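K.L.:
The structure follows.
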Amino acid sequence: GKSGSKIQSTPTKAGGDRYIPNRSTMHMEMANFLLTKENDPAEESPTKKEQQKAWAVNLNGFDIEEAKILRLSGKPQNAPEGYQNNLKVLYSQKATPGSSRKNGRYIPSMPDRILDAPEIRNDYYLNLIDWSSQNFLAVALDNSVYLWNHTSGEIIQLLQMEHPDDYVSSVSWIKEGNYLAVGTSNAEVQLWDIQQQKRLRNMTSHSSRVGSLSWNSYILSSGARTGHIHHHDVRVAEHHVATLAGHTQEVCGLKWSLDGRYLASGGNDNLVNIWPCTQGDSGDFAPVQTFTQHQGAVKAVAWCPWQSNVLATGGGTSDRHIRIWNVCSGACLSAVDAHSQVCSILWSTNYKEFISGHGFAQNQLVVWKYPTMAKVTELRGHTARVLNLTMSPDGATVASAAADETLRLWRCFEMDPIKKKEKEKANSAKSSIIHQGIR
């Protein structure tokens, strides 16, 4: 070539596209020996193996059984200034929902909807929201009750208290979803017909505000600030049929089991009582179990949908624990420190999980696996304590009411479409059997 021409050389700049190994850091002879050794029959006594290991360590400085055929060493080189990898976009994206969660289920971290709840009372002991089987969400805002039709989005004001100082302290739908029970601060229990939008009855038997309600067929149970629970038979004129006296302070958690055998009550006296549906021999109602382990008020009480004798309870700020009970044996099956005030627990009907709502200090919702009690995810967004949780009739959406005057709807238990179809088929088959039986 001409004297002026430059001799071509291998580029020395960093960030090349090939990795060329340094053979001096490998054991090529050892690799060859190990590969050929694989074909030999391994008929050796343990003593002989020990001897060979000792020789190998003395001769080579390492045990040949632990030798690597290919070993990469040395630090990787940094890319040059301004170097742009065209795969960066692909690998810098957030992990896909499926791969980021071990359970293989995507739970949106943001609420599906946010609704205003102006003047919702920031009172831990009240139960201010409930979702009916007919897809109406009842919300008590100070002295009024509003109904939100989840299907159409329509909002109806059902009632407003006559006296401005009175307020609604609890709401609860009957199983069929056509009647709403309303507890008030002036010790009343009202019954409202949703189709007619009118009050059917006004039941007065308590002497203080009614903060909790629960239905068992035509029996409506109400818990008051005095610590008393009253059973009302809504079919008869003399509605007050029983008094349950097992709490010394306000009853803030009240739930009938799905099979109607037991009523669980939680109070500001830190107690959980399990009441039978029938009276004892003396004609009085007495708890079949009393759980005293909680160190704070127990508002969160929830029965497991697939194990009728299993109950979940949650304690207030001075306790912060979720406990799972077997109400037949009285055993505490498990306990977990939630690190926050527990205001509500709901079991999922679509998954072996439950969700808890929290106040001080996290103001979050937590989805838990059952029975491992492992955290599945945390849902954040509320800026003040969560007061109540309720679930949509299809079990897919949880509504949370908080002191930040918002209601948030979380699609945390959305069913897999295939499983959903299977479940619907099973339900339709069940209902057809029932109809045949009635005919």
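The values are calculated or read from the model by the stated rules, or taken from the named source; none is laboratory data. Worth saying up front: this structure is predicted, and the values here are computed from it rather than measured. Please note: Cβ atoms are built from the backbone with ideal geometry, for glycine as well, and neighbour counts cover all protein chains shown. In case anyone asks, the SASA skips ligands and DNA or RNA and just uses the protein heavy atoms, side chains included. Shrake-Rupley method; radii C 1.70, N 1.55, O 1.52, S 1.80 Å.
K.L.:
According to the Kirkwood expression over distinct Cα-Cα pairs, how big is the hydrodynamic radius of the stretch 113-413, in Å?
P.N.:
Hydrodynamic radius (Kirkwood, Cα only) of the stretch 113-413 equals 18.9 Å.
K.L.:
Separate question: Is the shape of the stretch 132-229 best called rounded, prolate or oblate, per the rule: a/c under 1.5 gives rounded, else a/b larger than b/c gives prolate, else oblate, with a ≥ b ≥ c the square roots of the Cα gyration tensor eigenvalues?
P.N.:
Numbers: a/c = 2.00, a/b = 1.36, b/c = 1.46.
Cα axes put the stretch 132-229 in the oblate bin.
K.L.:
Could you give the nm distance between label points at residue 378 and residue 217, where each point is 7 Å from its Cα heading toward the beta carbon?
P.N.:
Those two pseudo-labels are separated by 4.5 nm.
K.L.:
Modelled label-to-label distance, residue 317 and residue 278, 7 Å Cα→beta-carbon offset: nm?
P.N.:
Simple spin-label model gives 4.4 nm for this pair.
K.L.:
Is there a pair in 175/255; 375/423; 352/420 whose C-alpha atoms are over 22 Å apart, and which pairs would that be? It would help to have the intermediate numbers written out before the result.
P.N.:
Numbers: 175/255 13 Å; 375/423 26 Å; 352/420 15 Å.
Checking Cα-Cα distances, 375/423 exceed 22 Å.
K.L.:
Name the long-range amide H neighbours of residue 212: under 5 Å, sequence gap of 5 or more, or other chain; modelled H, no Pro or chain starts.
P.N.:
Placed amide hydrogens put 223 under 5 Å from residue 212.
K.L.:
Go ahead and collect, in residue order, the members of the stretch 344-386 whose backbone nitrogen is under 18 Å from a label point 7 Å along the Cα-Cβ direction of residue 258.
P.N.:
Counting only backbone N, you get 345-356, 368-372.
K.L.:
Here is a further query. Please give, to one decimal in nm, the separation of the simple spin-label points placed at residue 32 and residue 306, each 7 Å out from Cα toward the Cβ.
P.N.:
Distance between the two pseudo-spin positions: 6.1 nm.
K.L.:
In percent, how large is the relative contact order of the stretch 113-413, given Cα pairs closer than 8 Å and 6 or more residues apart?
P.N.:
Computed value for the stretch 113-413: 12 percent relative contact order.
K.L.:
Oh, and also: Expressed as a whole percentage, what fraction of the accessible surface of the stretch 174-245 belongs to carbon and sulfur atoms when a 1.4 Å probe is rolled over the protein heavy atoms?
P.N.:
For the stretch 174-245, the apolar C and S fraction of the accessible surface comes to 43 percent.
K.L.:
List, in order, the whole-Hz ³J(HN,Hα) value for each residue of the stretch 133-138 obtained from phi through the Karplus relation with A = 6.51, B = -1.76, C = 1.60 and θ = phi - 60°; use x for Gly and Pro.
P.N.:
5, 8, 6, 9, 9, 8
K.L.:
Would you mind working out the accessible area per residue for the stretch 113-413, using a 1.4 Å probe, and quoting it in Å²?
P.N.:
It amounts to 38 Å² per residue over the stretch 113-413.
K.L.:
For residue 133, project a label point 7 Å along Cα to C-beta. Then give me every residue of the stretch 238-261 with its amide nitrogen under 16 Å of that point.
P.N.:
256-261
K.L.:
Still on this structure, I have one more. Between residue 207 and residue 176, what is 0.36 nm times their sequence separation minus the Cα-Cα distance? Round to one decimal in nm.
P.N.:
Difference between extended and current length: 8.2 nm.
K.L.:
Leaving ligands, DNA and RNA out of it, report the carbon-plus-sulfur percent of the accessible area of the stretch 332-394 at a 1.4 Å probe.
P.N.:
Looking at the stretch 332-394 in its full context, I get 54 percent from C and S.
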